[in-house]
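The values are calculated or read from the model by the stated rules, or taken from the named source; none is laboratory data. From a predicted model like this one, the values you see are computed outputs, not experimental measurements. Note: ideal-geometry Cβ built from the backbone for every residue, glycine included; neighbour counts use all protein chains shown.
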């Protein structure tokens, strides 16, 4: 038997013997320090989020989906040897390993009802408009103006678009408050009988390519009152939902779009104001340095808004205290999950490189094999939906398979393979002490 075959075979075997300093399981669990060599524990390996996976679609829940996030694969120390072969001529090897129990755990978010997306789409959908698809003319028009602002290096355009996307999730969350939605869509609030959809159509008409320089976007005398009323509700709802940065951004938006003494304005007037107003240095600075806007809502509008504001605050407080449970709304339901499972025999492939002085270095290049079946157990949340979601997860073979493939993929990633490569290199060179015979 060639020397390299003997060395690699013994190095591999030493990973599974507790009598050697190369014992892989204890090194993964606790780490190892021998003289100047320090091996850290390998506590866990991250897996990417799954994205929203639909689990069921039926009354009274509507579409229910789950997204697994912050996923961590642990208990890597529960590893065992299944065999080893080394091809000295090719300098390659295959090792067989198995895990008798791995742990995949992390956070989950269950969604029901409306699908989330950009706040523009959520706003349009809540008003009953068509503008909820990427190819809708109104959404396309808004996106074209976004691109125009982004492409301009002057003014506050890039800052405003960036701030919108930074806070998009917060603005989407506003539409989880039913009181806010009912005011936004005109059920509980209108300005002289006109709802948000009416003013949105006015804006769309003024923003068309043929009208942008000639038709005033706020020609209706009620436009400004309504826009500031809705801005106030967005600001308050964001604040009560804990999204202070988004609340501050919404409160300063009008200051960067309304030029002095330009009432009414065309869309080109608004764009020019944005592109000639210096951006703040940061979102926090925007609150301090925003151009002064002296507009005040009329007293009768404030009186009409106050009970709506009170109801928004009460609804958020009811959710916070568990009086209004999330499954009774269309709010995301967060929690934590875990899964314990074993694997079948997995194949580790690798190469052995020989330096000029004869030292061997080992490079593990991949892990392959059958995907384990990963069935997640969700932390309990209040209400009736949890049991149905858990049952649906038990039947979700596609999701189990996806998680299983991602487990194997994670084991084939740089963290695990790098750790195994280093242990084998140390063992092949007996850098921590003799390997077992």
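Picking from residues in the stretch 221-243 that are part of a helix (DSSP H, G or I) and without any contact (Cβ under 8 Å) to a residue 60 or more places away in the chain, the one that is nearest to the chain's Cα centre (by Cα) is 239.
Restricting the stretch 331-355 to residues that are at pLDDT below 90, in contact with a helix residue (DSSP H, G or I) (Cβ under 8 Å, 6 or more places away or on another chain) and part of a loop (DSSP other than H, G, I, E, B), the residue that is surrounded by the fewest Cβ atoms within 10 Å (Cβ to Cβ) is 332.
For residue 400, are the conditions met, namely being in a helix (DSSP H, G or I) and either touching a strand residue (DSSP E or B) at 6+ places or on another chain (Cβ under 7 Å) or without any contact (Cβ under 8 Å) to a residue 40 or more places away in the chain (or both)? Walk me through it before giving the result.
Values: in a helix (DSSP H, G or I): yes; either touching a strand residue (DSSP E or B) at 6+ places or on another chain (Cβ under 7 Å) or without any contact (Cβ under 8 Å) to a residue 40 or more places away in the chain (or both): yes.
When the stated conditions are applied, residue 400 passes them.
Just one of (1) touching a helix residue (DSSP H, G or I) at 6+ places or on another chain (Cβ under 8 Å); (2) in a loop (DSSP other than H, G, I, E, B); (3) surrounded by fewer than 20 Cβ atoms within 10 Å (Cβ to Cβ) fails for residue 218. It is (3). For the stretch 180-200, residues that are assigned to a helix (DSSP H, G or I), at pLDDT 90 or above and within 33 Å of the chain's Cα centre (by Cα) total 8.
Taking the criterion of being out of contact with any strand residue (DSSP E or B) (no Cβ under 8 Å at 6 or more places or on another chain), in a helix (DSSP H, G or I) and either touching a residue at least 60 places away in the same chain (Cβ under 8 Å) or more than 13 Å from residue 180 (Cα to Cα) (or both), the residues of the stretch 298-313 that qualify are 299, 300, 302, 303, 304, 305, 308, 309, 311, 312, 313.
Scanning the stretch 391-420 for residues that are farther than 28 Å from residue 64 by Cβ and loosely packed, with under 14 Cβ neighbours inside 10 Å yields 414, 418. Of all residues in the stretch 364-390 being surrounded by 17 or more Cβ atoms within 10 Å (Cβ to Cβ) and closer than 30 Å to residue 429 by Cα, which is farthest from the chain's Cα centre (by Cα)? Result: 364.
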